[in-house]
Every structure is written in C-alpha cells, then in structure tokens.
Amino acid sequence: MRFGESRVVKNGPTRGQRQALCRACGRSIALTYGTPYFDLEHVPALFALAIRAFAEGHAIRATARIIQVDQETVCTWLDRAAQQCRLVILSLWPQLPLSECQWDALWSCVPTKDAHLAWAKPYRDTSGDAWVWVAVAPEWRLVVAFVVGKRTQADANLLLKRVAHGTTDLIPLFTSDQLPAYRTALLPVDGEGYQPPRRGTRGPHPHPRRVPHTELRSAQGVKTRERGRVVAVDHHVVFGDAQRMAALVAALPTSVTINTSVVEREHLALRQHNRRLTRTTNAFSKELPGLEQQLWLSLAYTHVVLPHDSLGQELPMVEPTRGTGSPRRWQPRTPAMAAGLTDHVWTTDEVLSYRVPAPFVDQLDQLKHLFPQPEPIYQGN
C-alpha cells in the first residue's frame, strides 16, 4: 500500500539515500511498508513534525515556512497523513456501545460564501457554504461520525448511517437542535417498516411507511434568544414518552438535562485544531476533499494523541514528575482511552507508523457507499 502519490522533486534524494535516512532513524523499508513513512523522500522526524503542526492548527503555507520545505511537498505530506488517519479511525471506531449521541452542523465555506458565488451557481454543489455534520458521544467526548457537505437531508441521512455503522445495535438517546432534517433522518435507520391497511376493496395498496422504533428516544434543545443572546433553554421531545425520557436522562453518566453542549464544545476544538475552519482566515479550503482530509487528521490527533482534561482519572497515589514539577495526581486520558479503544496515550509517530490490519483494508471496498475515498490534494489550500 502506498500513501499519496508523490510528485517528482528536483534534486531530491535517491532511493538509496532515502533508505539510508530510514536506517538512520531506526526504521527499515519493510517496517514502513503500508504506512506514510514508506518511500518518504525526507527525514521521517521532519514529516512527523509537519503533521503535528497541521494538527495544532497551522496552515499549509505556515507549516512549509516552519519546516523549511516546499509548499507542494507539505501538501503531499498532508495527503499521506490524512489517508493514514482515516484508516486508523475507521479500524478502531466500529461497534461502540453508545448510550447518548449529540449531533449538530458546523458552518464553513469552500472557497467562499454562497453570497459571493452568484456567478457560479452550477458549481454550488462543491463550492460555497460547507457544513460539517458531527455526531459526538458525550460520555467519552468522542466524535463517532462526521459528514462534509451541504445542509441537506441527504447529508443528515448519511451522518446517521455512519453512526449506525460505528455503533452497536443499542439505540442511544439522540439530542440535537431544531433542524427538521434530524428527525427525518432517524426514521430510515432507527425506524420500523409499517404497511398501512387498505381502505376498501378498490385501488392500489398504500405504500409502506416507516414508524419510530419502540426504543427510539430523541429530543431537541430549544433556545430562546434576545438581542442575539441565549436567555433560556428548553427541550422538545421528538420520539418517545416524556416521563421515560426524563428517567433516561437522569441515568446518563454525563448529562442531567437535554442539551447539545458537548457537541458545541467539540465545534470549538475543531476550529482550534483545524485552520480551515477558522472563521476569519485566508487558509480556508479551496475544495471539499481538502477540508475532509484535514478533519481526518484533526480527529485522529485530538482523539488518540491529545489528552482531554475532563477525562482524567485520579491516581491512587501521587506520582513524582521530572525536575521541579509538582507531583502528578491525575492520569491523562484521551477520548479513545475513555471509550476503551486504546490503553495509552499515543504519540504522533505511533499514529503514523500504525499498520492497519490487512483484513480491514481488504474490506474497504464494501464501505465505499458510506466512506468514499477522498480525492488526493495537489494544491496548497
């Protein structure tokens, strides 16, 4: 498996020189096969440093200036790392026992707003306002699925299908805002088939319909604003009984009321670790595949590498730290550790050098309808 077809670099190192670089860093060509390090034309440590810069919110041009390499080279590195992070997340995430799911849509633009695209209406399917649909498990602060597209019913349906693919058969509590697309998306996945009875003896039979599953629970947060500020928050039950809904919320380990606070906080983390989502910037994506690939990289970094402060566990005994630092009382944990997907905090090098099992790679063709392969990046966006 080869990640990211590289362009020909003038005066670049030969294959023998690249093998020497790998041996100098303690890696062999055989061990890097199937990872972004395979056939890399630069020092692996420099490549890993660039990926950490991307994950911490730097743009492509800024990363190229920091690493002191060509912008096209850095763009190729991003393509390599994004494909690896996509495989890592897809291989680790399935069959999550989800008890609560909050979902919301985050606004962005590719390459500019819809209001500035009046002359390019035929291209609005891939340009203009872009929405990142996100589904979060509040218990683990984990993004279980996301979709990059428009604010349409088709994208809402795709988000729920991806949530169903990565979770068990247990139907969680769904909470969202008042967008009608969320309610409609729940019926095709978590609904039951129903054949209405025929009225009379003439005419065709009624078309089959979908009704909510008996275990389906869904609610919407209702915000009241005055002069642009939220002054009150209420909720509206979409599917399920209000009394049973209240008992279900009381038993949840994280939420005490129906809200979308965790997914909204995740929006902040995505904007901090993804320069393309920053509101006032010139580093926005020029095409949708670039935005999606940056999201795969950001999610792998924030979920596997970066510990989450609210998920830390208190140690039974205080541990000393190096130098004159204060004793450590809390064990750092990542969202992947909280969900039981990993048992330690990964490093960036572990994510990049992780060899995804071959049986899972062979099954990727069966997931193309849910997770199509992003197009490679060839421009510095």
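The values are calculated or read from the model by the stated rules, or taken from the named source; none is laboratory data. It should be emphasised that the depicted structure is a prediction, and the values quoted were computed from it without experimental measurement. Counting neighbours? That spans all protein chains shown, and the Cβs are built from the backbone with ideal geometry, glycine included. What goes into the accessible areas is simple: the full protein's heavy atoms, side chains included, and nothing from ligands, DNA or RNA. Shrake-Rupley method; radii C 1.70, N 1.55, O 1.52, S 1.80 Å.
Structural remarks
- Residues of the chain: accessible area per residue with a 1.4 Å probe, Å²: 53
- In the list (i) 23.3, 87; (ii) 20.6, 65; (iii) 19.6, 59, the label attached to Rg and Dmax of the Cα atoms in Å as derived from the coordinates here is (i).
- Straightening the chain between Q68 and H236 buys 55.1 nm, computed as 0.36 nm per residue apart minus the Cα-Cα spacing.
- Taking the Cα centre of the chain as origin and assigning +1 to Lys and Arg Cβ atoms and -1 to Asp and Glu Cβ atoms, the resulting dipole is close to 740 debye.
- For D104, D169, D241, the ranking by accessible surface with the largest value first comes to D169, D241, D104, using a 1.4 Å probe.
- Screening the chain for DSSP H helices whose Cα atoms reach 18 Å or more along their own axis and whose mean Kyte hydropathy is at least -1.0 gives 71-92, 153-166, 288-300.
- Measuring nothing but protein heavy atoms, the accessible surface of the chain at 1.4 Å probe radius is 53 percent carbon and sulfur.
- Amide H contacts of A130: S108, C109, V110, each under 5 Å away and 5 or more positions distant or on a separate chain (H built 1.01 Å from N in the peptide plane; Pro and chain starts excluded).
- For the peptides 327-339, 282-294, 220-232, residues were scored by their other Cβ atoms within 10 Å and the scores averaged per peptide; the highest-first order is 282-294, 327-339, 220-232.
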